[in-house]
Amino acid sequence: MAQHNPWPDEGNTGHIWDEDIRELDNPPPLWWMLAFYAGFIMIIFYALYYPSIPLVNDHTKGLAGWTQIVEYKDDFKVLNDWRERTFADKEERLASLDVTEILKDDELRNYAIATSKVLYGDYCMACHGAGGQGNPNFPVLANDDWLWGGSIKAIEATLINGRVGNMPARGMMGNLSDEDVAAVADYTIALSEGRADDASVAAGKAIYAGKGMCMACHGPAGKPLAPTGATNLTDQIWRFGGTPGSDLRDEVIRTITNGVNVKKDGQFLAETRRAEMPSFKERLPDADRNIKRLAVYVHQLGGGQ
Ligand code: HEC
Ligand code: HEC
């Protein structure tokens with residue numbers, strides 16, 4: 001390389017490649033050097049002003065006190081303040097009006113529905129499904145098959161106090177034999193299929209109205225006379241039996257044998273059906289407005305009465 005330099009006078013560094021490519025020894029242009037120094041000064045300023053230098057367990061915090069989360073919170077507060085100012089009037093009316101009045105007021109009702117989606121997603125969806133379509137062992141909210149009633153007042157009461165259904169194991173007196181249980185299970189399934197008067201299920205029908213005392217809760221014809229938490233047995237909607245792969249008759253026998261929410265010595269029976277809607281009075285933030293909002297939302301999912 002340097003041993004032979006055919007261009008000794010042009011100010012090259014003596015580094016020559018591929019015979020004639022050489023490195024010149026020119027100073028960088030002034031504008032470039034100025035930008036370089038300015039950048040250097042900026043780095044010092046930046047490092048002092050913002051969080052920057054990593055330490056052993058921490059990092060320098062910077063003179064500005066800036067963090068992404070502080071900036072995010074500030075922006076969020078601006079948005080929230082705006083929301084509160086803009087919707088204060090509606091929120092106040094939600095808190096003060098009765099749910100039946102909210103339902104009658106188109107504007108307020110639409111507002112309640114529009115502002116419920118996130119709440120519903122956070123507090124209800126895990127059990128009742130995204131559109132209220134239910135899940136195995138969690139009831140559908142989007143049809144008119146109500147355990148506890150589908151009027152706006154009944155839905156509101158469900159949300160405020162929660163609901164716990166109770167069905168005794170082996171009939172009201174607990175005295176049904178395995179054969180009785182099987183017979184009444186067959187009758188129950190026949191009810192749902194519109195075959196309640198078949199001679200083949202006559203034995204079960206007698207137990208239903210007689211010693212099982214099922215009709216006290218499920219009504220004389222399989223349909224509760226008033227919403228008290230008992231299931232309508234005349235439709236094809238199964239609260240405990242819809243699990244894919246399970247045998248409906250086995251599921252119904254299990255329900256009748258072990259009841260719903262049955263406790264013995266303070267413990268739930270291992271095979272009893274567990275069905276509990278939690279109370280949301282204390283669980284929801286701003287419950288005074290949010291319970292009404294959600295009641296209106298559930299009411300319009302498809303089954304409101
Ligand atoms: C931990 C699961 C769970 C969560 C969370 C939950 N629910 Fe329920 N919900 C239930 C169960 C179980 C029942 C049925 C109770 C029964 O069988 O008597 C129920 C019943 C209901 C009913 C009565 C249905 C009927 O047929 O009468 C309504 C209305 C309801 N839930 C609305 C909601 C709303 C709105 C939320 C959100 C704020 C919510 N639920 C959150 C489990 C849940
Ligand atoms: C004290 C009231 C009561 C009595 C008596 C009663 N049930 Fe029930 N039954 C309920 C309740 C409450 C549920 C559960 C509803 C819920 O939480 O979804 C239920 C649920 C059921 C289910 C489950 C339905 C489904 O959709 O999966 C069947 C089947 C059933 N009962 C049959 C009977 C039969 C048969 C008898 C008589 C031997 C009987 N019940 C007696 C209250 C009662």
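Which residues, counting only those in segment 47-89, are of a type in the set (Gly, Ala, Ser) and under 30 Å from Ala112 (Cβ atoms)? Step through it out loud before you land on a result.
Within segment 47-89, the subset of a type in the set (Gly, Ala, Ser) is 47, 52, 62, 64-65, 88.
Ala88 - this is the single residue of segment 47-89 that is of a type in the set (Gly, Ala, Ser) and under 30 Å from Ala112 (Cβ atoms).
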Helices (runs of 4 or more DSSP H) (entirely within segment 145-233) containing at least 3 residues that are near ligand 1 (Cβ under 10 Å from one of its atoms) and crowded, with 18+ Cβ neighbours inside 10 Å: 152-161
Residue in segment 281-303 that is surrounded by 13 or more Cβ atoms within 10 Å (Cβ to Cβ), in a loop (DSSP other than H, G, I, E, B) and within 10 Å of ligand 2 (Cβ to nearest atom) present: no
Extreme residue, farthest from Arg289 (Cα to Cα), among residues of segment 113-141 that are within 16 Å of ligand 2 (Cβ to nearest atom) and of a type in the set (Gly, Ala, Ser): Gly134
Test: Leu248 is more than 30 Å from Gln300 (Cβ to Cβ), modelled with pLDDT under 95 and of a type outside the set (Ser, Thr, Tyr): yes
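May I ask you to list the residues in segment 258-280 that are more than 16 Å from ligand 2 (Cβ to nearest atom) and either among the hydrophobic types (A, V, I, L, M, F, W, C) or over 30 Å from Asp178 (Cα atoms) (or both)? I'd like the intermediate steps shown before the answer.
Initial filter on segment 258-280 (more than 16 Å from ligand 2 (Cβ to nearest atom)): 264-267, 270, 280.
Scanning segment 258-280 gives Ala270, Phe280.
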Those residues of segment 247-293 which are touching a strand residue (DSSP E or B) at 6+ places or on another chain (Cβ under 8 Å) and under 30 Å from Arg93 (Cα atoms), in sequence order: Met277
Residue pairs meeting the criteria (Cβ under 9 Å; at least 6 apart or on separate chains; first of a type in the set (A, V, I, L, M, F, W, C), in segment 80-93; second at pLDDT 90 or above and surrounded by 12 or more Cβ atoms within 10 Å (Cβ to Cβ)): Phe87/Tyr111; Phe87/Thr115
Pairs, first closer than 13 Å to His4 by Cα in segment 16-32, second among the polar types (S, T, N, Q), C-beta under 9 Å, six or more apart: Ile16/Asn5; Arg22/Asn5; Arg22/Asn12; Arg22/Thr13
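Return the total of residues in segment 142-174 being polar (S, T, N, Q) and within 10 Å of ligand 2 (Cβ to nearest atom). Give the derivation first.
First, pick out the residues of segment 142-174 that are polar (S, T, N, Q): 143, 151, 158, 161, 166.
Then drop every residue that is not within 10 Å of ligand 2 (Cβ to nearest atom), which leaves 166.
Matching residues across segment 142-174 total 1.
The values are calculated or read from the model by the stated rules, or taken from the named source; none is laboratory data. On a predicted model such as this, the values are computed, not experimentally measured, just so you know. Every residue, glycine as well, gets a Cβ built from its backbone with ideal geometry; the counts of neighbours run over all protein chains shown.
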